[in-house]
1. Considering only residues that are part of a strand (DSSP E or B), under 19 Å from residue 19 (Cα atoms) and of a type in the set (A, V, I, L, M, F, W, C), look in segment 123-168 and name the one that is farthest from the chain's Cα centre (by Cα).
2. Please go through segment 27-73 and pick out each residue that is β-branched (Val, Ile, Thr), surrounded by 14 or more Cβ atoms within 10 Å (Cβ to Cβ) and out of contact with any His (no Cβ under 9 Å at 6 or more places or on another chain).
3. Would you please name the residue that is farthest from the chain's Cα centre (by Cα), looking only at residues in segment 81-118 that are crowded, with 19+ Cβ neighbours inside 10 Å and either within 11 Å of residue 10 (Cα to Cα) or among the aromatic types (Phe, Trp, Tyr) (or both)?
4. Of the conditions (1) assigned to a loop (DSSP other than H, G, I, E, B); (2) farther than 19 Å from residue 119 by Cα; (3) in contact (Cβ under 8 Å) with a residue 12 or more places away in the chain, residue 18 satisfies every one except a single condition; which number is it?
5. Identify, by number, the condition in (1) surrounded by 20 or more Cβ atoms within 10 Å (Cβ to Cβ); (2) in contact with a strand residue (DSSP E or B) (Cβ under 8 Å, 6 or more places away or on another chain); (3) not in a loop (DSSP other than H, G, I, E, B) that residue 11 doesn't meet.
6. Only helices (runs of 4 or more DSSP H) wholly contained in segment 33-122 count here; list those with 2 or more residues that are touching a residue at least 12 places away in the same chain (Cβ under 8 Å) and within 22 Å of residue 165 (Cα to Cα).
7. Which condition does residue 76 not pass, out of (1) over 19 Å from residue 63 (Cβ atoms); (2) of a type in the set (A, V, I, L, M, F, W, C); (3) crowded, with 17+ Cβ neighbours inside 10 Å, if it passes all the others?
Amino acid sequence: MSTSILLLADTHLPKRAKTLPHPVLAAIDTADVVVHAGDWVDAATLDLLEARSSRFIGVYGNNDHGELRERLPEVASAEIEGVRVAVIHETGASIGREKRMDAAFPHTDLLVFGHSHIPWDTTTPAGLRLLNPGSPTDRRRQPYATFMRVTLDAGAVSSVELARIMRT
């Protein structure tokens, strides 16, 4: 049995956009699990994701304060279909990231993170998959706003899709 996971980070609502883009809302409704790696900025987006998601996992980011820090952890972990998943907002500089994350998350199969707004997909020497979905609302230096769809099957990550959001 496969499980679909939607990965989001750095939504920064309502500062970077008024609402989540339609492709993200549609993906929330079809995902088995929704993961948000922080920098929400408003609690209304958290409420929306919790209400619309079949299963939700989230953390706070450096731009999240007050209620968001009260409701969300700094680091979250879960087992999904036999895959050990951790979520954190910041992982530090890209140089040396794989080695640092192997040391910090030795019993993890998949680490989801955000902060940079830059999509990232690598596997560390120890086999830890690192995924950053970018941002669906604030593309910064990237050509597109993005999010990720991940499929887990047979206790492993079987596919990762970086979804681009076209400007309208």
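Read-outs: derived from the displayed coordinates by stated rules, not from any lab. In this text the structure is predicted, and so the values were computed from the model without any measurement. Backbone-built Cβ (ideal geometry, glycine too); neighbour counts: all protein chains shown.
1. From segment 123-168, those part of a strand (DSSP E or B) are 123, 129-132, 145-153, 156-165; that's our starting set.
Those still in the list that are under 19 Å from residue 19 (Cα atoms) too: 145-148, 163-165.
Filter once more, keeping what is of a type in the set (A, V, I, L, M, F, W, C): 145, 147-148, 163, 165.
Values: 145: 14, 147: 8, 148: 8, 163: 13, 165: 16 Å.
Per the stated criteria, the residue is 165.
2. Residues of segment 27-73 β-branched (Val, Ile, Thr): 28, 30, 33-35, 41, 45, 57, 59.
Now drop any that are not surrounded by 14 or more Cβ atoms within 10 Å (Cβ to Cβ), which leaves 28, 33-35, 41, 45, 57, 59.
If the condition is that a residue be β-branched (Val, Ile, Thr), surrounded by 14 or more Cβ atoms within 10 Å (Cβ to Cβ) and out of contact with any His (no Cβ under 9 Å at 6 or more places or on another chain), then 28, 33, 34, 35 are the ones that fit.
3. 105
4. (3)
5. Result: residue 11 passes all but (3).
6. Values: elements: 43-52, 67-71, 97-104.
It comes to 43-52.
7. Result: residue 76 fails condition (1) only.
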